[in-house]
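K.L.:
Can you read through this structure? Questions will come right after.
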Amino acid sequence: MNATITERMKETLVSMCDERARMLQDQFNVSMNHVHALAILVSTFHHGKQPSAIDQQTFAEYTGRTAFERPLMSGVAYALRVLHAEREEFEKKHGWRIKKMETEDQSLVKDDYNPEELDPSPVQDEYAPVILSQETVSHIVSIDMMSGKNLVLVCYLLSAFACSSTSYVGCIWLVMQDKLEYMHLQDRENILRARASGKGVLTSPFNLLKSNHLGVVLTFAVYNTSLPPNATPEERISATVGYLGSSFDIPSLVDKLLHQLASKQTIVVNLYDTTNVSAPIRMYGPDAAGVGETYISNVDFGDPTRKHEMHCRFKHKR
Ligand code: WA2
């Protein structure tokens, strides 16, 4: 008798968890397809037309009006590939400098993030400044999305030589929180992986700029020629003209999704990035250490190099 009840409850948990995992996966998949289509839109109407048929206003309007197609994305943006030799002309044309993600002595703790105060990017081989954005992410326009790496180096150097400054304190804080790696390398890595592979790629979870919410970024490269499907990574890299990216704000958008389903009071849902099996990253839900029986559903976000799982359990103690 008791065994039957337990069995039934388990079945309920399994189907509720699978339903939620499937829904999240499906919404991510349709959102990702639409971001892919936006990369083709930019290729066709920005790079494929002389002069371009897309400016910031057109892009903001189109992406705003089609936001319903991307239910899990908080904003999309397009970053141009700019080589160092092209930088001066690019900055003159746009009337602004390519900025790096943060100033060196600005607090690395992100509470007072102000894009207006960012420093120009130091000399690099190439840059990825954002030139077009949905209004929801307009704060990343002009920022070089490849510029994160410098800060990490500065951080390590400051930590190593114990210079006393706000950056140093910020670095120690980040190192202690284990967030250093997650905050600044992600966009750059995504760009490099997207252009070499020709596929949509995902970052690990990290704190997004401004909102400071945990999120992941999805990136598609835009190429100047229609590459054969079997193009080599080198061919892809040299044909790259820009990067169409999209941010997935996990706490607000997963919450919104789960609220659409009833019985939120019955089960507790956690989402994990389990790419590194020995160090899973909790992306959503409360701390679940030492809780009772948990059911696990796999979630496929379309990037085979990342693994995600949904863990579900009943709320009440049994
Ligand atoms: N978009 C929004 N918020 C962010 C972010 C981002 N990246 N990175 C950190 N916070 C233009 O892959 C190219 C979007 C990056 C694309």
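The values are calculated or read from the model by the stated rules, or taken from the named source; none is laboratory data. Everything numeric here is computed off the predicted structure, so don't read it as measured data. Note: ideal-geometry Cβ built from the backbone for every residue, glycine included; neighbour counts use all protein chains shown. Protein only, heavy atoms only, side chains kept; ligands, DNA and RNA dropped before computing areas. Shrake-Rupley method; radii C 1.70, N 1.55, O 1.52, S 1.80 Å.
K.L.:
Just to be sure, is ARG318 assigned to a strand (DSSP E or B), open to solvent by 20 Å² or more (accessible area, probe 1.4 Å), at pLDDT below 95 and not small (Gly, Ala, Ser)?
P.N.:
Against the criterion (assigned to a strand (DSSP E or B), open to solvent by 20 Å² or more (accessible area, probe 1.4 Å), at pLDDT below 95 and not small (Gly, Ala, Ser)), ARG318 does not qualify.
The rows are residues; the columns are (1) in contact with a His (Cβ under 9 Å, 6 or more places away or on another chain); (2) within 16 Å of the ligand (Cβ to nearest atom); (3) touching a residue at least 60 places away in the same chain (Cβ under 8 Å).
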| position | (1), (2), (3) |
| --- | --- |
| ALA231 | no, no, no |
| GLU235 | no, no, no |
| SER238 | no, no, no |
| LEU244 | yes, yes, yes |
| ILE250 | yes, yes, no |
| ASP255 | no, no, no |
| LEU261 | no, no, yes |
| THR266 | yes, no, yes |
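K.L.:
Have a look at GLU91, GLU86 and point out the one that is more than 16 Å from the ligand (Cβ to nearest atom), in contact with a Lys or Arg (Cβ under 6 Å, 6 or more places away or on another chain) and without any contact (Cβ under 8 Å) to a residue 12 or more places away in the chain.
P.N.:
GLU91
K.L.:
Just for segment 23-48: of the residues that are within 17 Å of LEU258 (Cα to Cα) and in contact (Cβ under 8 Å) with a residue 60 or more places away in the chain, which one is surrounded by the most Cβ atoms within 10 Å (Cβ to Cβ)?
P.N.:
PHE28
K.L.:
Hey, another quick one. Here's a check for you: in segment 298-313, which residue that is part of a loop (DSSP other than H, G, I, E, B) and of a type in the set (Lys, Arg) is farthest from the chain's Cα centre (by Cα)?
P.N.:
LYS307
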